[in-house]
Amino acid sequence: MSDPSDSIDLPGQLQALSRRLSQSNPELYRHVALYLQVLRQVLPQQVRQACFHLATQVHPLRYSELPVERRRLLHGQIQELVGRCCSLLTVEQLVILAAQISRERQRRDRHEREQLLEELTWEGDGGAGEPEPLPPGSVQIAFAPPLAGGSFLWGPLGRGEAPPPDRDEGRRGDPDDGPPQHRDGAQPEDPDEDPDEDSEADSEDDAPDGTPGGSGPEPADTLWQAGRLPDDPERVLRWMDGMELALGRRLRNLSHAVNVELLRGGVSRSLLPVSLLDAVLAGQLETMAAPANLMRLPLPFPGARAPQAQTLAVLLRPTDLELEEPRLRTCRRRLQQHRQEVRRMAQQFRRLQRRLRIHQAEQLWLQDIRPPSIPND
């Protein structure tokens, strides 16, 4: 048994740690707000620079052949998209998007569990009656196919990404996947409309899921809709992870919207689907060297003697933006330092909780083995 002195005022130590975390939460909010403020200032120039490289260095002939009115319209559309995205790059708006991503992951996980259960309980005979009893030691060969593999393949690969196209969410239609691969049929993409906002009404009836990091059941209404930062260090870490996911989603939506406008304007001739952008962001696809905020992707059909075909598209990533802007790097460094401090608090919080649980279990054990008192006659 542990020394009883180890359990002195463990609840008080936990409360003191929670108060210390609550006092540091306003500083975290200021760090995140300052990062987003600088991002709103530098994002228009970074998008213009990426589009400039595509129009003048990659496709100069196409851009030169465009009429003046069409070029002006293209610049105006891109500027409008960036402005609408910047209006959504606030702490409050990212919290809303993070809660939506959280519910989206819950729906995906629940669908995977239901699909796996259906595959495991699939009956090849179609319920045509009870099978005839077989002699002991017989081997029965069923006609049921093996597991389709959707739950096993898409689960690890699509963790944090869009669900596979054969799922219910995909059948409802994804605005990001909507634009076709040709010039005349492309539709403009709205950067403030998330791919899963069309199913937002259905998600209101769902029970809130775990955190965007998927690290345990955490009610979304308490983590994202409480109006303030959590007072638990582990939940603060998950809050920060969720904000990073929301920021990446917002920049990905803007990247796809800009690519759609470049396609409509006649600068580019192809459009990469959103699922491909997500795969690149998740590190599932290997890309080639490209300028900042651009993605160079090799195509899998090279010619016999011709060089390997490749495509170039806009892909805004926080790492590229921070590489080009020193002020963003400074803000990121402050966020990383604050994360390290919260992580140390979380480790200390877990140790104190474990010691408290051990102490409570020991006290219960001692009470259980204590012999009952015999009343005196």
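The values are calculated or read from the model by the stated rules, or taken from the named source; none is laboratory data. What you see is a predicted model, and the numbers here were worked out from it, not measured in a lab. For neighbour counting, all protein chains shown are included, and Cβ atoms are generated from backbone atoms with ideal geometry for every residue, glycine included. To get the accessible areas, we keep the full protein, side chains included, count just its heavy atoms, and leave off ligands, DNA and RNA. Shrake-Rupley method; radii C 1.70, N 1.55, O 1.52, S 1.80 Å.
Out of 10, 54, report the one residue that is in contact (Cβ under 8 Å) with a residue 12 or more places away in the chain and over 24 Å from residue 312 (Cβ atoms). Before you say what the answer is, go through the steps one by one.
Details: 54 fails: over 24 Å from residue 312 (Cβ atoms).
10 is the lone residue from the list that is in contact (Cβ under 8 Å) with a residue 12 or more places away in the chain and over 24 Å from residue 312 (Cβ atoms).
Looking at 351, 339, which one is open to solvent by 60 Å² or more (accessible area, probe 1.4 Å) and assigned to a helix (DSSP H, G or I)?
Working: 339 fails: open to solvent by 60 Å² or more (accessible area, probe 1.4 Å).
Being open to solvent by 60 Å² or more (accessible area, probe 1.4 Å) and assigned to a helix (DSSP H, G or I) holds for just one of 351, 339, which is 351.
If you go through the range 68-78 one residue at a time, do you hit one that is of a type outside the set (Lys, Arg), outside any helix (DSSP H, G or I) and more than 27 Å from residue 334 (Cα to Cα)? Even if it seems obvious, please write down each step before you answer.
As a first pass, look at the range 68-78 and keep what is of a type outside the set (Lys, Arg): 68-69, 73-78.
Next, only the ones that are outside any helix (DSSP H, G or I) stay: none.
No, that holds for no residue.
Restricting the search to the range 25-75, which residues are within 16 Å of residue 92 (Cβ to Cβ), open to solvent by 40 Å² or more (accessible area, probe 1.4 Å) and polar (S, T, N, Q)?
Restricting attention to the range 25-75, the residues satisfying the condition of being within 16 Å of residue 92 (Cβ to Cβ) are 25-26, 28-37, 39-40.
Filter once more, keeping what is open to solvent by 40 Å² or more (accessible area, probe 1.4 Å): 26, 29-30, 34, 37, 40.
Answer for the range 25-75, where residues must be within 16 Å of residue 92 (Cβ to Cβ), open to solvent by 40 Å² or more (accessible area, probe 1.4 Å) and polar (S, T, N, Q): just 37.
What pairs can you find where one residue is in the range 74-98 and over 23 Å from residue 55 (Cα atoms), the other is loosely packed, with under 15 Cβ neighbours inside 10 Å, and their Cβ atoms are less than 7 Å apart, with a gap of 6+ or different chains?
Partner pairs satisfying both residue conditions: 91/29; 91/33.
Residue check: is residue 332 in contact with a helix residue (DSSP H, G or I) (Cβ under 7 Å, 6 or more places away or on another chain) and either open to solvent by 60 Å² or more (accessible area, probe 1.4 Å) or touching a residue at least 12 places away in the same chain (Cβ under 8 Å) (or both)? Outline the logic, then answer.
Details: in contact with a helix residue (DSSP H, G or I) (Cβ under 7 Å, 6 or more places away or on another chain): yes; either open to solvent by 60 Å² or more (accessible area, probe 1.4 Å) or touching a residue at least 12 places away in the same chain (Cβ under 8 Å) (or both): yes.
Considered against the rule, which asks whether it is in contact with a helix residue (DSSP H, G or I) (Cβ under 7 Å, 6 or more places away or on another chain) and either open to solvent by 60 Å² or more (accessible area, probe 1.4 Å) or touching a residue at least 12 places away in the same chain (Cβ under 8 Å) (or both), residue 332 comes out as yes.
Kindly list the number of the only condition in (1) under 22 Å from residue 251 (Cα atoms); (2) surrounded by fewer than 13 Cβ atoms within 10 Å (Cβ to Cβ); (3) at pLDDT 60 or above; (4) not basic (Lys, Arg) that fails for residue 104.
Failed condition: (2).
Looking only at the range 242-261, count every residue that is touching a Ser or Thr at 6+ places or on another chain (Cβ under 8 Å) and modelled with pLDDT of 95 or more and tell me the total.
Matching residues across the range 242-261 total 1.
Of these, 82, 95, which one is within 24 Å of the chain's Cα centre (by Cα) and at pLDDT 95 or above?
On the way: 95 fails: at pLDDT 95 or above.
From the options 82, 95, the qualifying one is 82.
Can you find a residue that is over 24 Å from residue 52 (Cβ atoms) and modelled with pLDDT of 90 or more anywhere in the range 264-273? Show your work before the answer.
Looking only at the range 264-273, we keep the residues that are over 24 Å from residue 52 (Cβ atoms), and these are 273.
Still in the running and modelled with pLDDT of 90 or more: 273.
Taking every residue of the range 264-273 in turn, at least one turns out to be over 24 Å from residue 52 (Cβ atoms) and modelled with pLDDT of 90 or more.
Hey, can you tell me all the residues within the range 107-155 that are of a type in the set (D, E, K, R), open to solvent by less than 90 Å² (accessible area, probe 1.4 Å) and at pLDDT 80 or above?
From the range 107-155, those of a type in the set (D, E, K, R) are 107-110, 112-114, 118-119, 123, 125, 130, 132; that's our starting set.
Add one more test, that the residue is open to solvent by less than 90 Å² (accessible area, probe 1.4 Å), and what stays is 107-110, 112, 119, 125.
Scanning the range 107-155 gives 107, 108, 109, 110, 112.
Name the single residue that is modelled with the highest pLDDT among those in the range 297-317 being open to solvent by 60 Å² or more (accessible area, probe 1.4 Å) and within 20 Å of residue 54 (Cα to Cα).
The selected residue is 310.
Taking the stated definitions as given, is residue 320 modelled with pLDDT of 90 or more, within 25 Å of residue 53 (Cα to Cα) and among the charged types (D, E, K, R)? Explain how you work it out, then say what you get.
On the way: modelled with pLDDT of 90 or more: yes; within 25 Å of residue 53 (Cα to Cα): yes; among the charged types (D, E, K, R): yes.
Here the answer is yes, as residue 320 does meet what is asked.
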